[in-house]
Structure formats: C-alpha cells, structure tokens
Amino acid sequence: MTNKNRWLIALSAVAIHLSIGSVYAYSVYQNPLKETLGWEKTDVSLAFTIAIFILGIAAAFFGRFVEKRGPRVSAMIAAVFFGIGIIGSGFAIQLENYILFLIFFGVIGGLGLGFGYIAPVSTLVKWFPDRRGLATGMAVMGFGAGALITSPIASRLMIATSIPTTFYILGISYFVLMILGALYIAKPPEGMEENREERPVKADLAQMTANEAIKTKRFWLLWFMMFINISAGIMILSVAAPMAQEITGASAITAASIVGIMGLFNGGGRIGWASASDYLGRGNTYMTFFLIQVAAFFILPFITNSLVFSVFLYIIVSCYGGGFASLPAFIGDLFGTKQLGAIHGYLLTSWSIAGVVGPMLVSSIYENTQSYTITFYVFGTMLAIGFIVSLLMKRDIKKIRTAKKEKRTSGQLVTE
C-alpha cells in the first residue's frame, strides 16, 4: 500500500463529515417549505427526526460492514446514499410529495448519515493512536460545523433559485466532496501502533469484538452516559430560541443570533474537549461534562440577562459536541480497535433514542406546565445521574486494570 499522510487522512474525514453535518442546518428549510408548500413545521421536523433515528440504527447494523469492507467502500456508499437522499428530497419537493420527502431525506439520507459518520471516525482512531481525541475531534467537529457552512449557502440559494434547485445543487456538491474524501481515506498500515511518532500511549483496557463488548458492564455504562449527555444537548438545541425569549425576554432576532452562535460552540467543543481528553483522560472528561451541566441546568431558570443566559447555553452545547467527539477515542481505550466501528455503531443507538426522547420530553413538560423551569430541573437531575454513572465507570475501569496487573504479575493471560 502506498504510504499516506495521516493528516491528509484526517482532512478526508473532515470533508465527509462536513457534508453529512449539513443535516444540522435543516431548520433553514422549515419556513420556506411551510410558506411554499403549506407543510406544517411539525411535519417538516419529522424528516429530521427520522434521519437522526436512522443514523443511529444504520450505524449499529452496518458497523460490522464498515470494519469488514474498510473505510473507502463505506464512505463511497455513504456518498451515494446521502447524495441521492438530498437530490431526491429536491425531487419530492418539486412534486410536492410529503411522503416521498420523508423517504428521501429521512430514510435514504439517514442511511448515508449512518455510514458516513462511523467510517472516517473509526479509521482515524487507528491512524492516531497517540492523539485519538484530537484526530476524532477534527472529524466530528466537521459534523458539528457543517451547518455553519450550509445554512448561509442554502438560504441564499433558495432566494436566488428555488427550494428544489437548492437541494439539487447541495446534493451534487455533497456527493463530490464525499467521494473525494473516500478516494483517499484508508486503513493504516500494519504496525502503526508500534511506529507511532508522538508521545507514548497508555495500553487499551482490552481488545474485543463487538459481541464481546456489549456483554460488558462498561459498554452499558458508556451507552447510558451518552444517552443522558445527548438528551440534554438535543433538548437545548430543539428549543433554544423560544426558551431564550421566554426566560430572558430576548427578541426573536437576538434569540436567532444565539442559536446561530451555538453552532460554533457545538463544533468548537468537539475538537476542544476531544483534544483535552488526550490529557485529562476520557473518563475524567465525561465526569467534567456532567458536573458543568448539572450546575448550568439548575442555574439557568434564574438568569434573566440574555447574554449570560446564552453563555450558559454555549457551555452546555460544547459539552454536547464534546461527548460525540470523545466517544470514539473512549471506545478505543475501553475495547481496543479490533472492531471499533461496530462498537461505535452500537453505542450510537443512544443518539437515535435520545434524539426522540429529548425533544419529546421538553415538549411534553412545557405543554403541561407552560414553563421551561421544570424542564431544567428534570434534565439537571438526569445529568446528576449521569455523573454517578461516570463514577461507576471510573471504578469499573480501575477494578479491571488492577485485576490485569495482578494477573500479569502472576503470569496469567488476561482477556477482560
């Protein structure tokens, strides 16, 4: 195999994630679709919900395929699914066919998201054994920052052309960008771990298959940690604008600006927290996420200044993004890189469920109380439970490392 530059591999991963990360710009289509076709916002939002749900399910079911066929084939499949999903969405809009829109954007596009999300990330963990957090943070930052690029471009295209044409142009552009990334990305050469050129690496806790991993306590502890962190972050993202207006009295324009800037912290938090996790340790990083957010959620109901309120939202969203970016590296630490993509896929089912639970829970509480205050307390309590779970995770890791050390001393082979 031709020698490849691992930083160009990282750039290829970013190209793929920037494309599929455009899904976070979905809200820019809501009003135009309502005004043009008469589709209600809740109906339009359903396509996004389906896409995120399918992302997690596809990642779980096809994680093994990614490991078996490699990142290039998987990324190409992602490009085909996502490209067809976006272009087909434009076709459905042109026909004014809502069900067809759900199928193209939600189902087909969601399959592209699932393949496209795990293929580059699991590969980067193997290319950067010495800087797992930094490497995966760069790629997943692309996913978080995709909306920053797509939002203004899509808005201008819809004004200059039409909604269907906008989807056609973007779909073709994503396809080309993802194919270019797929053509360069590849598995690292054998012996990468031994030939690393940076700082020394702490040994992985184990080298496991996906089937072995899901039978361990630490897999489910990590799943639950991700579920809580994602639920809290998605809740904030789903109602940030009306929440800021109601609690602080901010204008609609100010609230929209707050939401826009949140994208920067979503993306920035991914590379910032993931890079920090290389030094803090992944377990300590997640404990920090929960501690910060518990404090923020219990303080937010009492803040009436829109600037201070927005700062707290930005901190929460950075933890939300950081959780995603630190996850692949954490998986490598806990289960090794043997089937990292498959394990990552299984863990992303937490995203599918949280993507439904978070927004539904906040909507249900608000409908019954006509206030966001109770919502903060409910999610704050969930985050406190998340902190306790992270402590259990740290205890479990310490217990396993101690057992391995004792068995190594006695000359026994340890697999768990």
Exercise. From (1) within 21 Å of the chain's Cα centre (by Cα); (2) over 22 Å from Gly332 (Cα atoms); (3) at pLDDT 85 or above; (4) not hydroxyl-bearing (Ser, Thr, Tyr), pick out the condition that doesn't hold for Leu37.
Key: (1)
Quiz item: If we scan region 3-12, do we find a residue that is part of a helix (DSSP H, G or I), in contact with an Asp or Glu (Cβ under 9 Å, 6 or more places away or on another chain) and either open to solvent by less than 70 Å² (accessible area, probe 1.4 Å) or at pLDDT 85 or above (or both)?
Solution: no
Practice problem: State whether the residues of region 48-67 include one that is of a type in the set (S, T, N, Q), within 27 Å of Met141 (Cβ to Cβ) and open to solvent by 40 Å² or more (accessible area, probe 1.4 Å). | Solution: yes
Exercise. Would you please list the contacts, defined by Cβ atoms under 9 Å and residues six or more apart or on different chains, that run from a residue in region 43-59 that is within 18 Å of Leu100 (Cβ to Cβ) to a residue that is basic (Lys, Arg) and open to solvent by 40 Å² or more (accessible area, probe 1.4 Å)?
Key: Asp43/Lys34; Val44/Lys34
Quiz item: What residue, of Lys405, Lys398, is under 29 Å from Ser122 (Cα atoms), open to solvent by 20 Å² or more (accessible area, probe 1.4 Å), modelled with pLDDT under 85 and not β-branched (Val, Ile, Thr)?
Solution: Lys405
Quiz item: Within region 327-342, how many residues are at pLDDT below 90 and either among the hydroxyl-bearing types (Ser, Thr, Tyr) or within 21 Å of Met382 (Cα to Cα) (or both)?
Solution: 1
Quiz item: Which members of region 15-59 meet the condition of being small (Gly, Ala, Ser) and part of a helix (DSSP H, G or I)?
Solution: Ala15, Ser19, Gly21, Ser22, Ala25, Ser27, Ser45, Ala47, Ala51, Gly56, Ala58, Ala59
Quiz item: Any idea which residue in region 246-265 is least open to solvent (accessible area, probe 1.4 Å), counting only those that are touching a helix residue (DSSP H, G or I) at 6+ places or on another chain (Cβ under 6 Å) and at pLDDT 85 or above?
Solution: Thr248
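The values are calculated or read from the model by the stated rules, or taken from the named source; none is laboratory data. Since we're looking at a predicted model, the values are computed, not measured. Positions of Cβ are backbone-derived with ideal geometry, glycine not excepted, and every protein chain shown enters the neighbour counts. Ligands, DNA and RNA are excluded from the accessible area calculation, which covers all protein heavy atoms including side chains. Shrake-Rupley method; radii C 1.70, N 1.55, O 1.52, S 1.80 Å.
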